[in-house]
Every structure is written in C-alpha cells, then in structure tokens.
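First the structure, in the form of structure tokens, and then the observations on it.
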Amino acid sequence: AHGLIIVAPEYKSGYPGSLKNFLDYLPAGILRYKPIGLSTVSSGVYAGTSCLQQLRQVVIGMAGLVIPDRFQVGLVNNAFDEQLNLVDPAQNKVADKFITELHKYTKTLVTLQ
C-alpha cells in the first residue's frame with residue numbers, strides 16, 4: 001500500500017471543479033485500502049475547512065481511508081517565505097506530524113495485507 005496526499009485550494013467554500021473531475025475519472029476502487037492525507041490551503045483564516053470536509057466525504061465514497069490528521073494552511077499568501085518554506089514554526093510541527101501519521105497508517109496497512 002502507498003499513502004497518498006491530496007492538496008487542494010479552497011475556492012468559494014469548496015474544492016476546485018477540476019479536482020472533482022479528475023477524481024470522477026479515476027477507476028473504481030483505485031483508492032481502496034489506501035491511506036489518504038488531506039491538505040488544504042486558502043487565503044482566509046479558516047484554512048480550507050469547507051474544502052477539507054467535502055474532500056473527506058468524496059474520498060471515503062471512493063473507499064479511500066482518510067487519516068484523522070490533516071494539514072491546513074490559512075492566509076496562504078503570507079504563510080511561506082521566498083524559498084517556499086513555512087514561516088510559522090508551529091506549522092512545520094503540524095506538517096511533520098501529518099506526514100508521520102500518514103507514514104504510520106501506510107506501514108500498518110502494508111502489514112495487514
């Protein structure tokens with residue numbers, strides 16, 4: 001099993017239509033038994049929460065296993081420096097925990113199959 005991260009920007013309280021179109025064209029069952037990490041970004045303070053909820057619902061509907069951790073970046077225009085590093089050290093810790101959890105879920109699913 002391989003983990004997968006889906007990163008999506010929030011537009012008008014949802015995720016982009018192009019991402020939905022892409023997901024709709026995937027073969028049935030392709031996400032089954034796959035741990036999925038969801039990450040969202042937005043220009044607002046809520047960091048893509050509506051987008052995240054909608055993506056979670058769609059991925060679960062596709063039989064993907066969404067991990068509980070998530071990585072959300074609000075006020076994205078100010079969140080990164082010129083080298084595209086996160087400015088807030090606390091965000092780096094959240095990102096590290098997110099990746100670690102996805103890795104743990106992936107390793108666990110490999111041992112179960």
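The values are calculated or read from the model by the stated rules, or taken from the named source; none is laboratory data. Computed from a prediction, not measured in an experiment: that's the story for all the values here. No Cβ is skipped: glycine too gets one built from the backbone with ideal geometry, and neighbour counts run over all protein chains shown. Note: areas computed on protein heavy atoms with side chains; ligands, DNA, RNA excluded. Shrake-Rupley method; radii C 1.70, N 1.55, O 1.52, S 1.80 Å.
Taking a straight Cα-Cα cut-off under 27 Å and skipping sequence neighbours fewer than 8 places away in the same chain, the lysines within cross-link reach of LYS12 are LYS20. Nonpolar atom fraction for the range 1-74, defined as the carbon and sulfur part of the 1.4 Å probe accessible area, stands at 57 percent. The packing ranking, built from the mean of other Cβ atoms within 10 Å per residue, places the peptides 42-53, 15-26, 69-80 in the order 42-53, 69-80, 15-26, highest first.
Average accessible surface for the chain: 64 Å² per residue, computed with a 1.4 Å probe over protein heavy atoms with every protein chain in place.
Taking 0.36 nm per intervening residue step and subtracting the Cα-Cα distance, what contour gain separates VAL7 from LEU109 on full extension?
Working it through step by step, the gained length comes to 34.5 nm.
The alpha-carbon of LYS93 sits under 23 angstrom from the alpha-carbons of these lysines, leaving out residues fewer than 8 places away in its chain: LYS104, LYS107.
Between LYS34 and LEU65, the built amide H atoms are under 5 Å apart, and every one of these is 5 or more places off in sequence or on another chain.
Computed over the chain, the per-residue total of -39500 (n - 2.57) for DSSP H runs of n ≥ 4 gives a 222 nm mean residue ellipticity of -13500 deg cm²/dmol, rounded to 500. Taking amide hydrogens as placed 1.01 Å from N in the peptide plane, the amide H of GLN72 sits under 5 Å from those of THR40, each at least 5 positions away in sequence or on another chain. Here LYS97 is the anchor, and the aspartates and glutamates within straight C-alpha reach of less than 18 Å, apart from those fewer than 8 places off in the same chain, are ASP69, ASP88.
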